[in-house]
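Just below is one structure, and these are the notes that go with it.
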Amino acid sequence: MRKIELVIFDCDGVLLDSELISCECAVAAFQSVGFQTDTHTVFTRFLGIPRRDMVKQIAAEGYSIGEDFTEKLEHSIVDTFEHRLYSIRGIEDALSRLALPRCVISSSPVSYVRRGLELTKLSSFFEPHIFSASMVKRGKPAADLFLYAAKEMGAAPENCLVIEDASSGIEAANAAGMPVFWFLGGSHIDLKRRPPDLVSKHPNRTFNSMSDLPDLIDSFRQEGE
C-alpha cells in the first residue's frame with residue numbers, strides 16, 4: 001500500500017470557490033492603472049501564481065503600480081468574499097470522510113486564507129496548519145511552499161498528496177516530488193476554453209467532484225508504487 005502521511009490542499013479553487021472573485025477584482029485593479037485585460041487573460045496568465053509575482057510582471061511591462069497595489073487588491077477580494085464566497089461543492093463532506101493529516105497551502109496571505117475558511121465554515125478542518133507563499137522565497141510553480149509545508153508537518157515529500165486546481169500548482173507538486181490530483185470542478189474552470197495540459201503536467205489523477213476525493217485517495221493508496 002502506498003504511504004500517505006499528509007494531504008496538502010490548495011485553497012482557491014479547491015476549498016474555496018473563489019478564483020472567479022479574485023480574477024474579477026484583479027481585472028478591475030489592473031484596469032485602474034491602465035492595463036487593459038479581461039478575466040480570460042488573467043486566468044490564462046496568472047491562475048495559481050502569487051499576487052506579488054503577478055504584480056511584478058505587470059510593473060515590468062511599464063505600468064505604474066503603487067507600493068500598496070497588492071494590499072489594496074487583497075482588501076478588495078476579501079471585502080467581496082463577505083457577500084459572494086462559497087466553498088467548493090462537496091468539500092465539507094469530503095473532508096469529514098478523510099482520516100488523514102491535512103494542511104492548506106496558498107499563494108495568498110494567511111489572513112486572506114483564514115478569513116475565507118471562516119466564512120465557509122472550513123476552519124476546523126485545517127487550523128492552525130495554513131501555509132502561505134509569503135513564508136518562502138519562491139511561490140508556485142517552484143516547489144518551495146510544498147516542501148516547506150511538508151517539513152513543518154513532519155511528512156516526507158514523497159509521502160504527501162497534493163490537491164490542486166492550477167497548472168502552476170501541478171508543476172510545483174511535480175518539482176517537489178509529490179503525487180498530485182488535479183481538481184477540475186471549480187466554477188472558474190472552462191474545460192472547453194482552457195483544456196488541462198495533461199501531457200506535460202503529469203497529474204496522478206484528474207477529477208471533477210470533491211465527493212469522489214476520499215474514494216480516489218483510497219484507491220490510489222491501494223495501488224502501491
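Structural remarks
- A residue that is of a type outside the set (Lys, Arg) and closer than 29 Å to Pro157 by Cα cannot be found anywhere in the stretch 20-42.
- Scanning the stretch 42-56 for residues that are part of a helix (DSSP H, G or I), within 15 Å of Ala166 (Cβ to Cβ) and β-branched (Val, Ile, Thr) yields Val42, Thr44.
- Within the stretch 119-145, the set of residues being free of Cβ contacts under 8 Å to residues at least 40 places away in the same chain and charged (D, E, K, R) comprises Lys121, Glu127, Lys137, Arg138, Asp144.
- Tally of residues being modelled with pLDDT of 95 or more and either aliphatic (A, V, I, L, M) or surrounded by fewer than 18 Cβ atoms within 10 Å (Cβ to Cβ) (or both) across the stretch 175-206: 5
- Count of the stretch 75-93 residues which are buried (at least 19 other Cβ atoms within 10 Å of the Cβ) and more than 20 Å from Met210 (Cβ to Cβ): 2
- Scanning the stretch 117-144 for residues that are under 26 Å from Tyr86 (Cα atoms) and either in contact with a Pro (Cβ under 9 Å, 6 or more places away or on another chain) or acidic (Asp, Glu) (or both) returns Glu118, Glu127, His129, Ser132, Ala133, Ser134, Gly139, Lys140.
- Neighbours by Cβ (under 8 Å, 6+ apart or cross-chain): first from the stretch 57-74, touching a residue at least 12 places away in the same chain (Cβ under 8 Å); second of a type in the set (S, T, N, Q): Glu74/Ser108
- Selection within the stretch 127-149: residues that are of a type in the set (A, V, I, L, M) and part of a helix (DSSP H, G or I). The member of this set that is modelled with the lowest pLDDT is Ala133.
- Single match in Ser96, Ser108, Ser124 (criterion: surrounded by 13 or more Cβ atoms within 10 Å (Cβ to Cβ) and either at pLDDT 95 or above or not in a helix (DSSP H, G or I) (or both)): Ser108
- Single residue of Phe146, Phe126 found to be closer than 16 Å to Leu100 by Cα and not assigned by TED's automatic domain parsing to the domain that holds Lys56: Phe126
- Entry remark, the stretch 57-84: residues being within 16 Å of Cys25 (Cα to Cα), not in a loop (DSSP other than H, G, I, E, B) and not β-branched (Val, Ile, Thr) number 12 in total.
- If you check Ser96, Ser108, Ser123, Ser87 for being small (Gly, Ala, Ser) and closer than 21 Å to Val27 by Cβ, only one passes: Ser108.
- When the test is whether a residue is within 13 Å of Ile4 (Cα to Cα), at pLDDT 95 or above, among the charged types (D, E, K, R) and in a helix (DSSP H, G or I), Glu152 does not pass it.
The values are calculated or read from the model by the stated rules, or taken from the named source; none is laboratory data. The structure presented is a predicted model; accordingly, all values stated were derived computationally and were not measured. Glycine gets a Cβ as well: all are built from the backbone with ideal geometry, and neighbour counts include every protein chain shown.
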